[in-house]
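The values are calculated or read from the model by the stated rules, or taken from the named source; none is laboratory data. Just so it is clear, the structure is predicted and the values come from calculations on it, not from any experiment. Neighbour counts are summed over all protein chains in view; Cβ atoms, including those assigned to glycine, are modelled from backbone coordinates with ideal geometry. Side chains included, ligands, DNA and RNA excluded: accessible areas come from the protein's heavy atoms. Shrake-Rupley method; radii C 1.70, N 1.55, O 1.52, S 1.80 Å.
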Amino acid sequence: MRTLSILVLALLLVATASAQTYPSRPVRIVIPLSPGGTTDVPGRMIAQKLSETLGQQFYVENRAGAGGTIGSDFVAKANPDGYTLLLTASPFVITPHVYKKLPYNALTDFTFVIRIASGCYVLVVHPSLGVGSVKELIALAKQQPGKIDFASSGNGSAQHLVTALFTHMAGIDLMHVPYKGSGPAQQDLVAGIVKVSFVGTPIAIPHMKSGRLKALGVSTAQRSPEMSEVPTIAEAGVPGYEAIVWIGMLAPAGTPQEITAKLNSEIGKLLRTDEVKKLLATTGMESAPDTPEQFAAYIKADYDKWGKVVRDSGATVN
């Protein structure tokens, strides 16, 4: 017992010393989504700020593909030493339900470090549809079941399931038109080829101002500070509707608690600065720092929520 106690104490001392010197070499932040998107921009900003505050390079590596599962799997199998991290977003809790087989478990193969930011989707329509509110869209959809198209970035994507939740709660049937990415979907939406979609705030605002799209509601429980004149979908006609876009930092399961705590503390400090808050606002996001325990509970709740939406919608990816 004495030998075992000494060994445990030695391991604790090593872990503490490792956390105190962490990071002692460059840290890779894997983003499992395409460059330039809602996750990528804040991710690169956080990487730059951590490099400045911790004195080692934090660099972003995009490993996109298969709905974010390729990059997520890479991190799940990485050495849990704090030098390979995952910066991911809402699709992380959706893909486990739409892909028949995944090489990792989203709830058990990761350490949840911190939720970085949250934001909303915006329900927009092309002006040619002739509706000016959520209630008018619902009424028209009930008159024309299955005849009004909505665009998404792909079958089983966050855009698809945010809309599936809306149609389920509103009791309507819209025709899903999945695209290979958000870019082509946005192009056809603005051109009026498809009439309805949920898009990010940075996409919605310029098209609203130009008159190319009409915003009917935001997906969060509170109005967006960037477009306060647009009601929430819940207050505009679908009580209880809420769909939050979030981004957060994860690490492989087994990452030392001391390193997780250090990352949580340092990122949390950055997220509370006015500079970072303003930068996040340009991407339509608000800082949302929490503890690792709170983030883990948030992930589990969101995982369960979207699992039900997937089952109700029948979305799958082979």
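Taking MET208, is it at pLDDT below 95, part of a helix (DSSP H, G or I) and in contact with a Pro (Cβ under 9 Å, 6 or more places away or on another chain)?
Values: at pLDDT below 95: yes; part of a helix (DSSP H, G or I): yes; in contact with a Pro (Cβ under 9 Å, 6 or more places away or on another chain): no.
When the stated conditions are applied, MET208 does not pass them.
Does LYS195 count as in contact with a helix residue (DSSP H, G or I) (Cβ under 9 Å, 6 or more places away or on another chain), within 21 Å of VAL245 (Cβ to Cβ) and modelled with pLDDT of 95 or more?
No; evaluated as a whole, the condition is false for this residue.
What is the residue count in segment 172-192 for residues that are at pLDDT below 95 and either of a type in the set (Gly, Ala, Ser) or within 20 Å of MET227 (Cα to Cα) (or both)?
Residues in segment 172-192 being at pLDDT below 95 and either of a type in the set (Gly, Ala, Ser) or within 20 Å of MET227 (Cα to Cα) (or both): 5 in total.
Go through segment 203-217 residue by residue and tally those that are within 21 Å of the chain's Cα centre (by Cα) and open to solvent by less than 10 Å² (accessible area, probe 1.4 Å).
So the count comes out to 2.
Only one residue in SER182, SER157, SER152 is buried (at least 23 other Cβ atoms within 10 Å of the Cβ), within 17 Å of the chain's Cα centre (by Cα) and over 25 Å from GLY211 (Cβ atoms). Which one?
Matching residue, one of SER182, SER157, SER152: SER157.
Go through segment 293-305 residue by residue and tally those that are open to solvent by 10 Å² or more (accessible area, probe 1.4 Å) and either of a type in the set (Gly, Ala, Ser) or touching a helix residue (DSSP H, G or I) at 6+ places or on another chain (Cβ under 7 Å) (or both).
So the count comes out to 5.
Evaluate the following for GLU229: is it of a type in the set (D, E, K, R), surrounded by fewer than 18 Cβ atoms within 10 Å (Cβ to Cβ) and not in a helix (DSSP H, G or I)?
So GLU229 fits the description; yes.
How many residues does segment 48-96 hold that are over 15 Å from the mean Cα position of the chain (by Cα), open to solvent by less than 50 Å² (accessible area, probe 1.4 Å), at negative phi and touching a residue at least 40 places away in the same chain (Cβ under 8 Å)?
Selection size over segment 48-96: 11.
From LYS308, LYS277, LYS262, LYS269, grab the single residue that is surrounded by 18 or more Cβ atoms within 10 Å (Cβ to Cβ) and assigned to a helix (DSSP H, G or I).
Residue meeting the stated conditions: LYS262.
Among the residues of segment 258-275, write down those that are in contact (Cβ under 8 Å) with a residue 24 or more places away in the chain, farther than 18 Å from LYS300 by Cβ and out of contact with any Lys or Arg (no Cβ under 7 Å at 6 or more places or on another chain).
Within segment 258-275, GLU258, ILE259, ALA261, LYS262, LEU263, GLU266, ILE267, GLY268, LYS269, LEU271 qualify.
Every residue in segment 243-257 that is surrounded by fewer than 21 Cβ atoms within 10 Å (Cβ to Cβ), outside any helix (DSSP H, G or I) and either in contact with a Leu (Cβ under 7 Å, 6 or more places away or on another chain) or at pLDDT 95 or above (or both), please.
Correct list: ALA253, GLY254, PRO256.
Filter segment 107-136 down to residues that are crowded, with 18+ Cβ neighbours inside 10 Å and polar (S, T, N, Q) and give me whichever is farthest from the chain's Cα centre (by Cα).
Only one residue tops the list, namely THR111.
Consider VAL98 carefully, then state whether it is at pLDDT 95 or above and in contact with a helix residue (DSSP H, G or I) (Cβ under 6 Å, 6 or more places away or on another chain).
Considered against the rule, which asks whether it is at pLDDT 95 or above and in contact with a helix residue (DSSP H, G or I) (Cβ under 6 Å, 6 or more places away or on another chain), VAL98 comes out as no.
Go through segment 285-311 and give me each residue that's in contact with a Lys or Arg (Cβ under 9 Å, 6 or more places away or on another chain) and not small (Gly, Ala, Ser). Walk me through how you get there before you give the answer.
If we filter segment 285-311 for residues that are in contact with a Lys or Arg (Cβ under 9 Å, 6 or more places away or on another chain), which is where we start, we get 286-290, 294-295, 298-299.
Answer for segment 285-311, where residues must be in contact with a Lys or Arg (Cβ under 9 Å, 6 or more places away or on another chain) and not small (Gly, Ala, Ser): GLU286, PRO289, ASP290, GLN294, PHE295, TYR298, ILE299.
Any residue in segment 289-318 that's basic (Lys, Arg): show its pairings with residues that are assigned to a loop (DSSP other than H, G, I, E, B) at Cβ separation under 7 Å, as long as the two are six or more apart or on different chains.
Within 7 Å, the pairs are LYS300/LEU107.
If you check THR220, THR273, which single one turns out to be within 18 Å of the chain's Cα centre (by Cα) and hydroxyl-bearing (Ser, Thr, Tyr)?
None of the others qualify; the one that does is THR220.
Among the numbered criteria (1) more than 30 Å from LYS100 (Cβ to Cβ); (2) in contact with a helix residue (DSSP H, G or I) (Cβ under 9 Å, 6 or more places away or on another chain), which single criterion is violated by GLN143?
Of everything listed in (1) more than 30 Å from LYS100 (Cβ to Cβ); (2) in contact with a helix residue (DSSP H, G or I) (Cβ under 9 Å, 6 or more places away or on another chain), GLN143 misses just condition (2).
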